[in-house]
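Note sheet for the following structure.
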Amino acid sequence: MTLTKDTIALLAEHLETCQLQAQDTPKLTDDHPDMDWNDAYGIQDAILARKLSRGARLIGLKAGLTSHAKMQQMDVQSPVFGFLVDDFSVPEGGTVQTRELIHPKVEPEIAFVLKQTLKGPGCHIGAVLAATDFVLPGIEVIDSRYRDFKFDLKSVVADNTSAARFVVGGRALRPEAIDLRTVGLVLEKNGQPVALGAGAAVLGHPAAAIAMLANHLAERGQEIPAGSLILSGGATEAIAVEAGDHVCLRVQDMGSVSLRFV
Ligand code: OOG
Ligand code: MG
């Protein structure tokens, strides 16, 4: 830790206010270049605590920057992890109020729902599949609070990895019913395919992102609770959207899920 408790609380308040008021801000490391990983996750934890104190419910977690396409797009080299609360959830086929966001983008993802607690260290794909109840298609709407979507890894971790909204739906499958490496994903915007991918784009296998998350939490004395919904990370680059756009994700053998920006 290089930041004081007070600074962490202030930065959490600042970033959450930016989120709630749809205002952008320079990345945190501009003013706090010595910020370390504990500071970054400490700020993220403080944002979660603020939401929980106002009655939000923690429903899951997310991995981000888990594909080369995403790492290249954002010019960073390693995955990051964040939280999902019920406020972020959009019903299948539902609408997103674009004015509540700064510069939203959508990502095609595979979501996991766990039936058992997952605990690192040493968590691997096999353990993830054994603990998974089902997998299903998900669209994540990311909305970095940082100006022009420009950040470094510590800044984006503090900003809860740009989490804003998500929708899951389509056909839920038991993990043994599908080869998550070769499964195809087609993201459509207004009826046109705008990004194409396969599950293996995410760390070779989307379950590897969940294992990485469990191992990351273990270093902080935490685990992934049974029942959690986890987004494994965008399989392609993220696509910018605006009011009026309709977005649909089709995943091979898993149906489709969609949302509309109004
Ligand atoms: C960070 C969040 C990335 C993903 O799926 O890769 C993410 C960002 O690109 O703003 O959620
Ligand atoms: Mg994502």
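The values are calculated or read from the model by the stated rules, or taken from the named source; none is laboratory data. Since the model is a prediction, treat every value here as computed from it, not as a measurement. Don't worry about glycine lacking a Cβ; one is built from the backbone with ideal geometry, like all the others, and counts go over all protein chains shown.
Inspection of the stretch 113-132 identifies no residue that is modelled with pLDDT under 95 and either within 13 Å of ligand 2 (Cβ to nearest atom) or touching a helix residue (DSSP H, G or I) at 6+ places or on another chain (Cβ under 7 Å) (or both). Scanning the stretch 221-244 for residues that are surrounded by fewer than 19 Cβ atoms within 10 Å (Cβ to Cβ) and out of contact with any Asp or Glu (no Cβ under 9 Å at 6 or more places or on another chain) returns Gly221, Gln222, Glu223, Pro225, Leu229, Ala240, Glu242, Ala243, Gly244.
Can you tell which of Thr66, Thr95, Thr117 is within 22 Å of Arg250 (Cβ to Cβ) and away from ligand 1 (no atom under 11 Å from the Cβ)? Steps first, please.
On the way: Thr66 fails: away from ligand 1 (no atom under 11 Å from the Cβ); Thr117 fails: within 22 Å of Arg250 (Cβ to Cβ).
Going through Thr66, Thr95, Thr117 in turn, just one is within 22 Å of Arg250 (Cβ to Cβ) and away from ligand 1 (no atom under 11 Å from the Cβ): Thr95.
Remark: pairs (first residue in the stretch 220-238, within 13 Å of ligand 2 (Cβ to nearest atom); second residue part of a loop (DSSP other than H, G, I, E, B); Cβ separation under 7 Å; 6+ apart in sequence or on different chains) = Ser232/Thr66; Gly233/Leu65; Gly233/Thr66; Gly233/Pro79. Restricting Met35, Met74 to those that are closer than 27 Å to Thr236 by Cβ and buried (at least 20 other Cβ atoms within 10 Å of the Cβ) reduces the list to Met74.
Name the residues in the stretch 155-193 that are out of contact with any strand residue (DSSP E or B) (no Cβ under 9 Å at 6 or more places or on another chain) and either surrounded by 19 or more Cβ atoms within 10 Å (Cβ to Cβ) or basic (Lys, Arg) (or both), would you? The one that is out of contact with any strand residue (DSSP E or B) (no Cβ under 9 Å at 6 or more places or on another chain) and either surrounded by 19 or more Cβ atoms within 10 Å (Cβ to Cβ) or basic (Lys, Arg) (or both): Ala158. Restricting Thr7, Thr2 to those that are farther than 18 Å from Ser162 by Cα, hydroxyl-bearing (Ser, Thr, Tyr), touching an Asp or Glu at 6+ places or on another chain (Cβ under 7 Å) and surrounded by fewer than 20 Cβ atoms within 10 Å (Cβ to Cβ) reduces the list to Thr2. Return the residue satisfying two criteria in turn: it lies in the stretch 77-99 and is closer than 28 Å to Pro225 by Cβ and exposed (fewer than 12 other Cβ atoms within 10 Å of the Cβ), and of such residues it is farthest from ligand 2 (Cβ to nearest atom). By that ranking, first place goes to Pro91. Taking the stretch 70-112, which residues are in contact with a helix residue (DSSP H, G or I) (Cβ under 7 Å, 6 or more places away or on another chain), among the aliphatic types (A, V, I, L, M) and at pLDDT 95 or above? Val80, Val85, Ile110 - these are the residues of the stretch 70-112 that are in contact with a helix residue (DSSP H, G or I) (Cβ under 7 Å, 6 or more places away or on another chain), among the aliphatic types (A, V, I, L, M) and at pLDDT 95 or above. Among the numbered conditions (1) surrounded by fewer than 23 Cβ atoms within 10 Å (Cβ to Cβ); (2) away from ligand 2 (no atom under 14 Å from the Cβ); (3) of a type in the set (A, V, I, L, M, F, W, C); (4) within 17 Å of Thr132 (Cβ to Cβ), the only one that Val251 does not meet is (1). Filter the stretch 47-61 down to the residues that are under 14 Å from Ala158 (Cα atoms) and in contact with an Asp or Glu (Cβ under 7 Å, 6 or more places away or on another chain), then identify the one that is nearest to ligand 1 (Cβ to nearest atom). Restricting to residues being under 14 Å from Ala158 (Cα atoms) and in contact with an Asp or Glu (Cβ under 7 Å, 6 or more places away or on another chain), the top hit is Ile47.
With the stretch 210-262 as the region, which strands (runs of 3 or more DSSP E) entirely inside it contain at least 1 residues that are more than 16 Å from ligand 1 (Cβ to nearest atom)?
Working: elements: 229-231, 246-251, 256-261.
Ranges flagged: 246-251, 256-261.
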